[in-house]
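Let me begin by presenting the structure, written as structure tokens, before commenting on it.
Read-outs: derived from the displayed coordinates by stated rules, not from any lab. Not measured: the values here are computed from a predicted model. For neighbour counting, all protein chains shown are included, and Cβ atoms are generated from backbone atoms with ideal geometry for every residue, glycine included.
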Amino acid sequence: MEETANALIQYKDVEVDQQELCVLSEVNLQLFKGDFLYLIGKVGSGKTSLLKTFYGELGVTQGEAQVLGYDMKIIKRKHIPQLRRKLGIVFQDFQLLTDRSVYDNLEFVLRSTGWKNKEEIKDRIYEVLEQVGMSNKGYKLPNELSGGEQQRIVIARAVLNSPQIILADEPTGNLDVETGRAIVELLHNICTQGASVIMTTHNLQLLKEFPGRVYRCEEHRLANVTEEFAEKEQIGDN
């Protein structure tokens, strides 16, 4: 039981509903520090809906659902911002503020989460830009960057407040293969530095190159299929 107590996310027999329709039922999932977890499955199978329950965008009505110590069944609306500060969220469509520079995008997030000291803000922004390989792009506007560069900035934004968990929804979905690969490599590197990552993807090739635990959403269920991918890897090696 001790291991369970250390889980960052603990879901037991959770039901995920979207507009009163059951998307997933009997969801059992644990996430620990340093885990890299993939969610795979067809479009509409519930991957994004499940992610939304982790940050309080969708409510949980059935089962036990704990995220970073918050009970997602009874969490009050006013506590959701506190939870989200401990999470880094990477959206497929970037959601960068297009009218301001990369630096100003990142500064906006820090100031809105309570940072006040100008020097500390500046140091933190340069630190995360360097972490994602974008240290010379702070002055650029988002539309002056390639898709891959914008996604790196989105990841920089997600890690600003040193989150314990990063949720990445199809972070490679709009990128070419090589750029997508570099993004997953970056997320894996961030994971080795202490964060845990949950990533939805359609690109099963990435699972071979960057192993992690794999869960499949299918027929309203979530199944741990990590072994299946490990076996494929071994067959491929022989």
Next item on the list: Please tell me if Lys86 is among the charged types (D, E, K, R) and either surrounded by 18 or more Cβ atoms within 10 Å (Cβ to Cβ) or closer than 14 Å to Gln164 by Cβ (or both).
Entry: yes
Next item on the list: Please name all residue pairs, on different chains or six or more residues apart, with Cβ atoms under 9 Å, provided the first residue is in the range 111-133 and is farther than 17 Å from Ser101 by Cα and the second residue is of a type in the set (Asp, Glu).
Entry: Trp115/Glu107
Next item on the list: Only residues that are of a type outside the set (D, E, K, R) and over 20 Å from Ala168 (Cα atoms): list them for the range 86-109, please.
Entry: Thr98, Ser101, Tyr103, Phe108
